[in-house]
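**Q** Below are the structure tokens for one structure; questions will follow.
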Amino acid sequence: MHDTTMKQFWNEEFKRNKDPWTEPDEVLVKEVEGIKPGTVIDIGSGEGANAVYLARKGWQVTAFDYAAEGIKTVEKMAASKNVELKTIVGDILDYQFKESYDLVLVAHLHLGPDERPLMLANTAKALAPGGTLIFIGVEPYEGMDASYKDQFAPTDEIAGIIGKIAGIKIEKAETIHRVISYPGGSEEVDSILIRATRI
């Protein structure tokens with residue numbers, strides 16, 4: 001189970017923010033272009049930009065996050081865009097999925113080295129046979145704040161963990177240099193893209 005301090009931090013952050021980010025991740029947009037819409041779960045959905053985007057593209061979306069305030073924002077954003085989606089407040093480290101999904105998305109959900117393998121293993125449990133797993137993250141970089149740097153891992157480490165999960169085959173593991181935008185600014189980063197399937 002996650003540290004309750006971090007859960008409290010994100011709940012307060014989401015509650016405080018009155019102007020949630022509405023643009024989906026550009027890497028996600030490109031990756032789902034050729035996938036026929038089906039069921040998808042967005043794990044670590046935050047305020048819901050990716051979840052709402054997928055719903056508008058015809059996906060049957062479930063937004064999943066451990067911060068209830070984030071889920072409230074997802075629901076408000078979905079209503080404002082006139083789309084329907086399901087929501088779950090849960091902790092990916094111990095959640096027992098009752099359904100499986102054609103697409104499992106993990107975008108910018110970064111956990112420490114002890115939690116990372118469990119998070120990815122539990123994420124894979126939500127993937128239906130033949131389904132697609134997309135992981136998008138950020139590699140650690142020089143100058144990153146030491147207080148949270150251990151939550152970030154390079155592409156090959158994430159791919160190594162996913163590749164060891166039974167029944168999961170990696171199709172793509174790339175590092176993409178790009179400028180990533182977020183509320184209040186932007187940053188030049190090396191992004192992680194991993195795409196895998198359940199065989």
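FYI, it's all coordinate maths here, none of it is from the lab. Nothing here was measured: the structure is a model prediction, and the numbers come from that model. Heads up, the Cβs are rebuilt from the backbone with ideal geometry, glycines too, and the neighbour counts pull from every protein chain shown.
**Q** Out of all the residues in region 151-170, which are in contact with a strand residue (DSSP E or B) (Cβ under 7 Å, 6 or more places away or on another chain) and surrounded by 15 or more Cβ atoms within 10 Å (Cβ to Cβ)?
**A** Passing the criteria: Phe152, Thr155, Ile158, Ala159, Ile162, Ile168, Ile170.
**Q** For region 122-156, which positions are touching a helix residue (DSSP H, G or I) at 6+ places or on another chain (Cβ under 8 Å) and in a helix (DSSP H, G or I)?
**A** Of everything in region 122-156, just one residue is touching a helix residue (DSSP H, G or I) at 6+ places or on another chain (Cβ under 8 Å) and in a helix (DSSP H, G or I), namely Ala124.
**Q** While we're looking at this one, here's another question. I'm checking my understanding of the structure. Among residues of region 31-65 that are acidic (Asp, Glu) and in contact (Cβ under 8 Å) with a residue 60 or more places away in the chain, which one is farthest from Asp91 (Cα to Cα)?
**A** Among those that are acidic (Asp, Glu) and in contact (Cβ under 8 Å) with a residue 60 or more places away in the chain, it is Glu31.
**Q** Is one or more of the residues making up region 174-191 buried (at least 19 other Cβ atoms within 10 Å of the Cβ), touching a residue at least 12 places away in the same chain (Cβ under 8 Å), in contact with a Ser or Thr (Cβ under 6 Å, 6 or more places away or on another chain) and at negative phi?
**A** No, that holds for no residue.
**Q** On the basis of being surrounded by fewer than 20 Cβ atoms within 10 Å (Cβ to Cβ), touching a strand residue (DSSP E or B) at 6+ places or on another chain (Cβ under 8 Å) and of a type outside the set (Val, Ile, Thr), does Tyr148 make the cut?
**A** No: the conditions fail for Tyr148.
**Q** Being more than 18 Å from Glu31 (Cβ to Cβ) and either more than 18 Å from the chain's Cα centre (by Cα) or polar (S, T, N, Q) (or both) is the filter here; which residues of region 182-196 pass it?
**A** Gly184, Gly185, Ser186, Glu187, Glu188 - these are the residues of region 182-196 that are more than 18 Å from Glu31 (Cβ to Cβ) and either more than 18 Å from the chain's Cα centre (by Cα) or polar (S, T, N, Q) (or both).
**Q** Let me ask you something else. If I ask for residues that are over 12 Å from Ile134 (Cα atoms), in a strand (DSSP E or B) and not acidic (Asp, Glu), which ones from region 170-199 would you list?
**A** Those that are over 12 Å from Ile134 (Cα atoms), in a strand (DSSP E or B) and not acidic (Asp, Glu): Thr175, Ile176, His177, Arg178, Val179, Ile180, Ser181, Tyr182, Gly185, Ser186, Val189, Ser191.
**Q** Same structure, new question: Could you grab me the full set of residues in region 66-95 that are in contact (Cβ under 8 Å) with a residue 40 or more places away in the chain and charged (D, E, K, R)?
**A** Answer for region 66-95, where residues must be in contact (Cβ under 8 Å) with a residue 40 or more places away in the chain and charged (D, E, K, R): Glu69, Lys72, Asp91, Asp94.
**Q** Which of the residues that make up region 141-199 are more than 16 Å from Gly112 (Cα to Cα) and in contact with a His (Cβ under 8 Å, 6 or more places away or on another chain)?
**A** Selection gives Glu188, Val189, Asp190, Ser191.
**Q** Oh, and also: Suppose we filter region 135-171 for residues that are without any contact (Cβ under 8 Å) to a residue 24 or more places away in the chain, over 15 Å from His110 (Cβ atoms) and among the charged types (D, E, K, R); how many remain?
**A** Summing the residues that are without any contact (Cβ under 8 Å) to a residue 24 or more places away in the chain, over 15 Å from His110 (Cβ atoms) and among the charged types (D, E, K, R) in region 135-171 gives 3.
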